[in-house]
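The values are calculated or read from the model by the stated rules, or taken from the named source; none is laboratory data. Please read these numbers as outputs of a predicted model, since none were measured by experiment. Glycine gets a Cβ as well: all are built from the backbone with ideal geometry, and neighbour counts include every protein chain shown. With ligands, DNA and RNA removed, areas are computed over all heavy atoms of the protein, side chains included. Shrake-Rupley method; radii C 1.70, N 1.55, O 1.52, S 1.80 Å.
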Amino acid sequence: MSKQIAIIGAGLSGLLACKYAMEKGFSPIVFEAKNGLGGVWSQTLKPTKLQTPRDYYQFSDFPWPDSVTGDFPHSNQVKDYLHSYAFHFNILPQIKFNSRVVDIDYVTPYEDHLHSWTCWGGTGEAFSAYGKWVVTVENHSAGPLPKTETYQVDFVVLCLGNFSDLPHIPDFPVNKGPEVFRGKVLHSMDYSAMDNDKAAEFINCKRVTVVGFQKSAIDIAAEVSTQNGVKHPCTLLFRRAHWVVPELLLKLSFKYQNRFTEFMLHKPHEGFFLWLLSFLLYPLIWLYAVLFETVVKLKYPLRRYKTIPDQNFIKQVSSCKAKVMPANFYKNANEGSLIFKKAENFHFCKNGLKVEGEKEPIETDIVIFATGYRTDDKLKSIFKSTYFQKRFVDSSAPFYRECIHPRIPQLAILGYSATPATLYTCEMNARWLSHFLAGRFKLPAIKEMQADMMEWKKSTYTFAKEDYKRACVTALLQIHNNDQLCKDMGVNPKRKSWFMPELFAPYTPADYANI
């Protein structure tokens, strides 16, 4: 097809967007800032493992090789899997490596119409005669100085990811920040970017404090404490504990995500019958959460180390914060190589960290902040126009169908919405987007799209409450979300052979192959 599509990022979502666009006859250009594909997996420490069971982190038409037998493959296996996928579907020739997108700008003679359009892009179709995107790219492979090039394209797919580029580090008062500390301070992004030997040398025989309790924090703390032992214990400093799930229990949680389970949950646009059914069945899912929490509390010393979360398990899953427990996590704590320290506030001093209310500081040589990323800032900064930058205020997600902003024409965003099964969700959205690009359907009016988004947001907020901050609509309603995508694409959302598996069997990516 003559229409030109630019995909920014060659991580998981970028590979999927490219593969499905190619299947519809397009020849997209993929711009990747690094010299390799894989996104966050291109710079992940070796001990890191998937947070999703293998069956749910699998391309629908490209299974894992027989050599991968574990339920939660480690980072090197994931990287190899993504490279094999790109090679198998001939995606590599479409990728321009070492090509950093500086900004994108929408060029149109009808700029005043942007505010008044009742349909997305003026027509509700993927491509429009009203404007094009100009993509400015720095090519860092041409020589010592980057070469700047511009491309004019008909559609842009942003695949920037959530866990890269702009790290979030808390602000500190004057003379109480890293500048007064004699040791080294870095973000988990920088630590993960080291190769394994360099990372091991960096922390060797050092007192390390890791700040945070999300996945990267507990992985790094487990790795450091295992390497350095009780002689140089690692401190995990956190404000709020989260449920850390043993592999077996997490695998079971995914197995129980079927249509019957989703009947227990309130859904967007549900009628009275489904509302009543959810109301009557919800105690079952509440009972499951209570049993899960009880098992974890009995099996692990959460009370001893003050790591009992203040939110229930269902709420944590709803806000996409469930994480797999690293090997030897509490074993290291029991032997003294890992120290848990819960604190509301702290600041730096010359020889470590001073926790509010405690006389003695945490003496440390290295502080690693595993405190997340400024995802919204990264998304906003790629737009040259302030008009589009202002569309991303206070985490404006969810988007329509998790990838379309109603006021940004000829552009989609993949991989931004948080989900416990990233590949599963991204592939469905990439498949939906390819159908849209091929003209198989049009988007509804902007008001209808916004109303649908608010219904999804309200549904998610029901479970996540104050932890709601970005799209995470598929955590408990993955099948229902897929149903909406299938209906848009004009395919049957019922993918099982007969009634019983349709109701009680789990849905996996393989169920949506060949759509």
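Points to keep in mind about this one:
- Sequence ranges 409-415, 433-439, ranked by mean other-Cβ count within 10 angstrom, highest first: 409-415, 433-439
- Residues whose amide H lies under 5 Å from that of VAL245, counting only those 5 or more places away or on a different chain, are LYS323, VAL324, MET325; hydrogens are built 1.01 Å from N in the peptide plane.
- Portion, in percent, of the accessible area of region 178-369 that falls on carbon or sulfur, probe 1.4 Å: 58
- Label corresponding to Cα extents along the principal axes in Å when calculated from the structure given, among (i) 66, 64, 46; (ii) 113, 61, 52; (iii) 93, 56, 48: (i)
- Comparing Cα centroids, region 89-160 and region 359-389 end up 26 angstrom apart.
- From most to least packed by mean Cβ count within 10 Å, the peptides 419-428, 124-133, 236-245, 505-514 give 419-428, 236-245, 124-133, 505-514.
- For region 134-141, Karplus couplings with θ = phi - 60° (6.51, -1.76, 1.60), whole Hz, Gly/Pro x: 9, 9, 9, 10, 9, 8, 9, 9
- Tensor-based shape of region 13-101 (alpha-carbon gyration tensor, a/c under 1.5 rounded, otherwise prolate or oblate): oblate
- Taking amide H as placed 1.01 Å from N in the peptide plane, CYS349 has its amide H under 5 Å from the amide H of LYS354, each at least 5 places away in sequence or on another chain.
- Straight-distance crosslink candidates among lysines, where the alpha carbon sits under 19 Å from LYS442 and sequence neighbours closer than 8 are dropped: LYS3, LYS24, LYS132, LYS487
- Relative contact order of region 178-369: 39 percent, from C-alpha pairs under 8 Å at least 6 residues apart in sequence.
- Rounded to the nearest 20 debye, the dipole magnitude of region 322-386 is 360 debye, with +1 charges on Lys and Arg beta carbons, -1 on Asp and Glu beta carbons, and the Cα centre as origin.
- Centre-to-centre separation between the Cα atoms of region 1-67 and those of region 426-453: 20 Å.
- For ARG207, the residues whose modelled amide H falls within less than 5 Å of its own, excluding neighbours fewer than 5 places apart on the same chain, are ASP365, ILE366.
- Over 28 Å between alpha carbons, listed pairs LYS341/LYS457; LYS390/LYS447; LYS299/LYS494; LYS19/LYS49; LYS206/LYS354; LYS147/LYS384: LYS341/LYS457; LYS299/LYS494
- In order along region 306-317, the Karplus-derived 3J(HN,Hα) couplings, from 6.51 cos²θ - 1.76 cosθ + 1.60 at θ = phi - 60°, round to 6, 10, 6, x, 8, 10, 6, 5, 4, 5, 5, 4 Hz, and Gly and Pro are given as x.
- Principal-axis tilt of helix 446-464 within the chain, Cα atoms, nearest 10 degrees: 20
- Checking every one of the GluC sites (Glu not before Pro) in region 336-387 against DSSP loop status and a limit of 13 other Cβ atoms within 10 Å picks out GLU344, GLU356, GLU358.
- Working note: 222 nm ellipticity from helices only, DSSP H runs with n ≥ 4, each -39,500 (n - 2.57), summed and divided by the residues of the chain, gives -10500 deg cm²/dmol to the nearest 500.
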